[in-house]
Amino acid sequence: MADSQQPTLNSLAAKITELSETFTKYLKENNIQQPTFAADSPTSYSNLSPEIFVTRQQLADALSDLWYLSQGPSESIYNYVHSCIPDAAALNILNHFDFWSAVPLEGSASYPEIAQRVSLPVDVARRVLQHAVTLRIFEETEPGKSSSNIRHNSRSAALARNAGLQALVSSVLDVASAPMMIMPETLNRYSRGKPALTQNMDETSFALMYSGGQLGKYRTSWDMLENEGEGENKGWRQRKFVAFMAYIKELFHLEGVLLDAYDWKSVGKATVVDVGGSAGHDSFVLARKFPDLTITVQDLPQVKPVFEANVPEDLKDRVSFVAHDFFQPQPVQADIYIIKLILHDWPDHEAVRMLRAMIPALKPGARIVLIEYIGNQRETEGPSLPRSIQNMGTATDLRIMALFNAEERPVEAWAKIFRDADERFELAHVNANPLTFISVVEFVWRG
Ligand SMILES: C[S@@+](CC[C@H](N)C(=O)[O-])C[C@H]1O[C@@H](n2cnc3c(N)ncnc32)[C@H](O)[C@@H]1O
């Protein structure tokens, strides 16, 4: 019997109209331009308030429900299975071969011209582009005609205009997708019948995929990022990853997260270490805002040239880079250590190992500011968040399962990891904000 509480095609359509009206009213009142599919469209919404961000994601939930219901249960699964991997593969190919710059932002290019620019057979370029066009990535100048050229639309132009967005596709889709597809095999081999996921980093999907050597021999994706490529090309993936990290901050307006994570002003002249700080994108912002801070950025060796190319002249005497493997004893005695988006990429015992490596440098009263994704959006207080927001967290959670046998953790789990590392790490402060997806947990060293 039909359940009157269940959404229907028409009730969803009405909800979509209502949410869409609320959203566009906000845009109008706040002078935020609406993107279109034209190549010169704005590439993202800027300055959405947290409340309207939730409204937009409720709209996304209603749209996906309408899609599921309009297809029906079986066909919605069939359609998804049929297309999801070709969709992802097409985007990955376009990005890898830089189709973005093979088509001018104004005007168009023929298939042979594009093929020549990306060094692929014309037939391959055409087939990939024809699938991409169905996803509203690029468009045909004369849809359906063999004489058609290809031109940019807003989605392809967003990629052409932004190296950070390209780096995101490369770092997330290219590095993680293939290992994720062998998760059933990995779980079968190493975790089936066990009470918990294996914590062995040699038993991740990533490690299994790259153990044979055909596609390179790497234990972790960090290993791949640092070492793939020959000569000058070595570390090309790490350079992309650095751009990806900086872009994430820009896309989600996360600049304030680190600035608000601690009362930086109150510490006056202080030394800070940004452990695994990438090429310094956070430290530059922090140092500029708080002129009394002196910051050491630590990361893997291939990150150093990117830091050196980007460190602003006026910050050179206060922000420096040291290549340091954070599993080795911490060489810098500082007042505050930032550990931002680092530990969630490691299983518990590796996170404990990394924290213990800091102990030789810690002086009594030293602070550790841990900044991490919120572990589980369902556990946060207040009304439950839209499914599409929860999905962002659960997607990351599965990706780090495939790459690292790690997981997104709630605050209590972080506290336990610090306790397991050493009882002298004392929990001092917690601030979790589900709308920024970020929790800040501060520890003080009572050694
Ligand atoms: C997810 S990123 C976070 C970067 C930065 N903290 C941020 O929030 O944007 C993780 C960083 O850890 C670095 N990393 C991975 N393994 C490392 C190791 N053994 N020693 C030092 N850094 C490492 C990576 O190069 C990368 O920059």
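The values are calculated or read from the model by the stated rules, or taken from the named source; none is laboratory data. Predicted, not measured: the structure shown is a model, and the values here were computed from it. Note that each Cβ is placed from the backbone with ideal geometry, even for glycine, and that neighbours are counted across all protein chains shown. We work out accessible area using only protein heavy atoms, side chains counted, and drop any ligands, DNA or RNA first. Shrake-Rupley method; radii C 1.70, N 1.55, O 1.52, S 1.80 Å.
In the structure displayed, which of K240/K316; K289/K363; K15/K240; K316/K340; K28/K249 lie more than 29 Å apart, Cα to Cα?
K15/K240
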Long-range amide H partners of A334, meaning residues 5 or more apart or on another chain whose placed amide H is closer than 5 Å, are K363
How would you rank 116-123, 86-93, highest first, on the average number of other Cβ atoms within 10 Å across their residues? 86-93, 116-123
Quick one: accessible area per residue over segment 268-409, 1.4 Å probe, rounded to a whole number of Å²? 41 Å²
Calculate one ³J(HN,Hα) per residue across segment 390-407 by plugging θ = phi - 60° into the Karplus curve 6.51 cos²θ - 1.76 cosθ + 1.60, and present them in order as whole Hz with x for glycine and proline. 4, 4, 4, x, 5, 5, 4, 4, 6, 5, 6, 5, 5, 7, 10, 6, 10, 8
If N is the number of residues in segment 1-120, what value comes out of its Cα radius of gyration divided by 2.2 N^0.38 Å? 1.44
May I ask for the distance between the Cα centers of segment 331-361 and segment 99-140, given as a whole number of Å? 45 Å
Can you give me the orientation-averaged projected area of the convex hull built on the Cα atoms of segment 309-376, in nm²? 6.2 nm²
Could you give me the ³J(HN,Hα) list for segment 33-50, computed from phi with Karplus coefficients 6.51, -1.76, 1.60 and θ = phi - 60°, whole Hz, x at Gly and Pro? 6, 7, x, 10, 8, 6, 4, 8, 5, x, 8, 7, 7, 9, 6, 6, 6, x
Per DSSP H run of at least 4 residues, take -39500 (n - 2.57); add these up for the chain, divide by its residues and hand me the 222 nm value, nearest 500 deg cm²/dmol. -14000 deg cm²/dmol
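I'd like the antiparallel share, as a percent to the nearest 5, of DSSP beta bridges with both residues in the chain.
Details: 19 of 40 bridges.
In the chain, approximately 50 percent of DSSP beta bridges are antiparallel ones.
If you average 1/r across every pair of different Cα atoms in the chain and take the reciprocal, what Kirkwood value do you get, in Å?
24.3 Å
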Under Stokes-Einstein, segment 294-447 at 25 °C and 0.890 mPa s, with its Kirkwood radius over C-alpha pairs, diffuses with a coefficient in µm²/s of 146 µm²/s
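Among 42-49, 333-340, how do they line up from the highest to the lowest mean number of other beta-carbon atoms within 10 Å?
Highest mean packing first, the order is 333-340, 42-49.
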Cα-based Rg (one decimal) and Dmax (whole number) for segment 164-241, in Å? 13.9, 46
In degrees rounded to 10, the 0-90 angle between helix 9-29 Cα long axis and the longest Cα principal axis of the chain is 60 degrees
Once you wrap a convex hull around the alpha carbon atoms of segment 9-71, what is its projected area averaged over all directions, in nm²? 4.9 nm²
Evaluated at 20 °C with a viscosity of 1.002 mPa s, what Stokes-Einstein diffusion coefficient in µm²/s does segment 74-161 have when Rh comes from the Kirkwood expression over alpha-carbon pairs? 162 µm²/s
Mind giving me the FRET efficiency for H349 and E21? R0 is 56 Å, r the Cβ-Cβ distance, nearest 0.05 is fine. 0.60
Accessible area, probe 1.4 Å, largest first, for residues S320, S221: S320, S221
